[in-house]
1. Identify, among A163, M267, G122, the residue whose Cα sits farthest towards the positive end of the charge dipole of the chain, taking +1 on the Cβ of Lys and Arg and -1 on the Cβ of Asp and Glu, with the dipole about the Cα centre.
2. Could you put R155, R79, R225 in order, starting from the residue whose Cβ has the fewest other Cβ atoms within 10 Å?
3. So for the chain, if I pair up every lysine 8 or more residues apart or on another chain, how many of those pairs have alpha-carbons under 15 Å apart?
4. If neighbour count is taken as other Cβ atoms inside 10 Å, put H223, H141 in order from fewest to most.
5. Rounding to the nearest 20 debye, state how big the charge dipole of the chain is about its Cα centre with +1 on each Lys and Arg Cβ and -1 on each Asp and Glu Cβ.
6. Which whole number in µm²/s is D for region 136-268 by Stokes-Einstein, with the Kirkwood Rh taken over Cα pairs at 25 °C and 0.890 mPa s?
7. For region 1-143, just list the percent of Cα-Cα distances falling in each 10 Å bin from zero outward, please.
8. What are the semi-axes of the equivalent ellipsoid for the chain, taken as the square roots of 5 times the Cα gyration tensor eigenvalues, largest first, in whole Å?
Amino acid sequence: MTENALTGARVLLPQGLASDLCIVIKNGLIQAITPEPPNSVASIDVLGGGIILPGFIDVQVNGGGGALFNDAPNIESLRTILDAHRRFGTTGMMITLISDDLDKVAAAIDAVGQAIEADLPGLCGLHIEGPFIAPEKRGIHDAKKVQKLSQEAMRILLSGGDAPRMVTLAPEEVSAENIKQLTDHHILVCAGHTNASFDAMAHAFSQGVTGVTHLFNAMSPLHARQPGAIAAALESSAWCGIIVDGKHVHPAMLRMALRAKTDRRFMLVTDAMPAVGTDVDHFMLAGQRIDIKDGTCLAADGTLAGANLTMIDAVRNATSMLGITLDEAVAMASANPAEFLGMSGQRGTIATGMRADLIHVSDDLEVAATWIGGDKASAI
């Protein structure tokens, strides 16, 4: 395959923003980062300003482009959702299945396995969020779908080959043996939709739970004498997903979390619903009408139902609401989730030998184009 090059924009490298550089791409990888394009390149894409960022990786996406994965766990639905989010800088995604029947879980595993085998651009794997959660912390999840982790459920979770997989569960509802069984099969286990005590969460982290799904939301709260899941997460080395839309969590709480968790193991997630990439004002979820009001997805009773958020908006919000640098906000959307997923050797930063998953943004962070494995798509 011939080499091509990107130039004419600043580049966000792991050490910070740099100017006057050229990114050389070959065979889907970053071949070199040089001051000038080498003579061997077949084409040069002169970008005319802006910034080249590493592609965003979102570990919690329920839908987009009018499609909800639960409604249609197949390759066509996946392609629609991936295309919708790519326009906003997502070049890697863990498609998420919200609590559902076991046959739907099996169908989702099969669909993602087929899509990974077919190398569907931008798909990293499957996130199974529930149904093994605390009923009292189910949020918008359908109460009829919430269940215990049975032997049949475990058989399904362990099926389907080697496609990357993560499971969100309530650790107080699942045995330590079950958690170990999942992690022994290289499945990432996250705590979420949980009413666990501080001690139960701390024990879960010691047993192999490495992530926390949408920190603060749908979990036992902070309390002076019952610090709960949130305090345990902030004291742990677990990776914490955060929804930075100003609706799910007050920015002051997130700023407090950033100060408390000194390892800064945070990941920006969207928890996106089907409306992303469309102009619809509502959608259906498990038979409920969900209205989009002031950018928020709400059930009739006021329950939050995922988010109408994109990754580029999450990055913007992180800089404006949390007061962090662009470098750190982008790392929370790229390098951090890549490390959580065990993909930091291939994705998440701009460096020689990495996958050419890239975003070109304007100086005010509007996405102009993306590259997945070196293949370009305009965001328009």
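1. M267
2. Placing the least packed residue first, the sequence is R225, R155, R79.
3. Working: K26/K376; K104/K144; K104/K145; K137/K145; K137/K148; K247/K293.
Taking the chain as the scope, the lysine pair count is 6.
4. On the way: H223 11, H141 23.
Fewest-to-most ranking of H223, H141: H223, H141.
5. 600 debye
6. The Stokes-Einstein estimate is 160 µm²/s.
7. 11, 31, 25, 19, 11, 3, 0
8. Values: eigenvalues 226, 97, 83 Å².
Taking √(5λ) for each Cα gyration eigenvalue gives 34, 22, 20 Å.
Rule-based calculations on the coordinates, nothing more; no lab input. None of these values were measured; they are calculated from a predicted model. Every residue, glycine as well, gets a Cβ built from its backbone with ideal geometry; the counts of neighbours run over all protein chains shown.
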